[in-house]
Amino acid sequence: MMKPNGLRWLPAMLLVLTTLAFAADQPSVDTLKQALDKRLQSLRPTGFTERNVLFQEVRAGTPNAGEYPFQVTLLVRDYGPGYPANNFYGETCVGRLDKETFNLKRNEFGDWKVEGRMTPNTEARQCKKNPSAGATSIPLASLQGSPAPSGPTAKPAASGPAAKSAGLPTGEWGCYGTGGQVLFGFFLQNDGTYLDGDRKKAGSYSYNAAGGTVTFRGGPMDGQSGKNTRGRSFELSRTVTCEARL
């Protein structure tokens, strides 16, 4: 049964969130490639009309507090057509990032955000003038590596109005540890968002009625998943149960 006192985040919350391990949200190597390619494409220098990102090696590291590190070696090729009317045919440049570390994490909207150094060092970048109009001095086929896989980047489960609970009560919830100790509380909203125990905006959630799971994005519970929902309760871990307040 729920306890009558108001729910507030307690220091124990930090311990709970750091000890819970849920691998379901862990991004794949392909997810990293797609997110990094998209970021690098957005940084294409002015004057260049084509950018190619070729991945040579990607290694996943050990996740830490909602961040997923990857060690990446890649090439970035930029082609610029120049101004043929002025007998300037532009140039093609190739840069290399060697064993750079990039971190993936969810942003406030639940999408993947990649962080890390995006620009090769000057000594790791080579530029050559193109020989003629429409021609390149460094053909793409001459470079080693493969592009990011096509298709949509992996997305989290839908949130917002389309993810309104189907049987999961909204309102105040509390999470309890062994012996009924109150650990922390939160408020599920009708629009697919949740608030922390102080009613401050925290993040979003999605509920899968078929699988009986609820997943949180953003805020203190980012990446956490509840399972075995039973109407007004679910299990956050083997020792933590959350219940809707009556």
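Counting residues in region 87-96 that are at pLDDT below 95, within 17 Å of the chain's Cα centre (by Cα), open to solvent by 80 Å² or more (accessible area, probe 1.4 Å) and not hydroxyl-bearing (S, T, Y) gives zero.
Filtering region 202-226 to residues that are farther than 15 Å from T170 by Cβ, open to solvent by 40 Å² or more (accessible area, probe 1.4 Å) and assigned to a strand (DSSP E or B) leaves N208, T213. Applying a threshold of 9 Å to beta carbon distances and a minimum spacing of six or more residues, or different chains, the list of pairs starting in region 127-152 at a residue that is touching a residue at least 60 places away in the same chain (Cβ under 8 Å) and ending at one that is in a strand (DSSP E or B) and among the β-branched types (V, I, T) reads I138/T92; I138/V94; L143/V94; G145/V53; G145/T73; P147/V53; A148/V53.
With respect to G192, determine if the residue is closer than 18 Å to D111 by Cβ, touching a Gly at 6+ places or on another chain (Cβ under 7 Å), among the small types (G, A, S) and crowded, with 16+ Cβ neighbours inside 10 Å. The answer is yes for G192.
The rows are residues; the columns are (1) modelled with pLDDT under 95; (2) among the acidic types (D, E); (3) open to solvent by less than 50 Å² (accessible area, probe 1.4 Å).
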| residue | (1), (2), (3) |
| --- | --- |
| F109 | yes, no, no |
| A124 | yes, no, yes |
| N130 | no, no, yes |
| G134 | yes, no, no |
| A141 | yes, no, no |
| S150 | yes, no, no |
| A158 | yes, no, no |
| A163 | yes, no, yes |
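Pairs linking a residue in region 80-97 that is assigned to a strand (DSSP E or B) to a residue that is among the acidic types (D, E) and open to solvent by less than 40 Å² (accessible area, probe 1.4 Å), with Cβ atoms under 6 Å and 6 or more positions apart or on different chains, are C93/D78. Of the residues making up region 172-183, those that are over 17 Å from R217 (Cα atoms) and either touching a residue at least 24 places away in the same chain (Cβ under 8 Å) or part of a loop (DSSP other than H, G, I, E, B) (or both) are E172, G174, C175, Y176, G177, T178, G180, Q181, V182, L183.
R51 passes all but one of (1) open to solvent by 70 Å² or more (accessible area, probe 1.4 Å); (2) modelled with pLDDT of 90 or more; (3) not in a helix (DSSP H, G or I); which number fails? Looking at each condition in turn, R51 falls short on (1).
Cβ separations smaller than 6 Å between residues 6+ apart or across chains give the following pairs from region 46-67 residues that are farther than 21 Å from D98 by Cα to residues that are assigned to a loop (DSSP other than H, G, I, E, B): G47/G80; F48/G80; T49/P81; G66/D222; G66/G223. For region 54-65, filtering for residues that are surrounded by 11 or more Cβ atoms within 10 Å (Cβ to Cβ) and among the β-branched types (V, I, T) leaves 1. Regarding T119, is this residue part of a loop (DSSP other than H, G, I, E, B) and either at negative phi or surrounded by fewer than 13 Cβ atoms within 10 Å (Cβ to Cβ) (or both)? So T119 fits the description; yes. Tell me, please, whether a residue that is touching a Phe, Trp or Tyr at 6+ places or on another chain (Cβ under 8 Å) and among the hydrophobic types (A, V, I, L, M, F, W, C) can be found in region 37-52. There is at least one residue in region 37-52 that is touching a Phe, Trp or Tyr at 6+ places or on another chain (Cβ under 8 Å) and among the hydrophobic types (A, V, I, L, M, F, W, C).
The values are calculated or read from the model by the stated rules, or taken from the named source; none is laboratory data. This structure is a prediction, so every number in the text was calculated from the model and none was measured. Ideal geometry is used to build each Cβ from the backbone, glycine not excepted, and the neighbour counts take in all protein chains shown. The accessibility values were calculated without ligands, DNA or RNA, using every heavy atom of the protein model including side chains. Shrake-Rupley method; radii C 1.70, N 1.55, O 1.52, S 1.80 Å.
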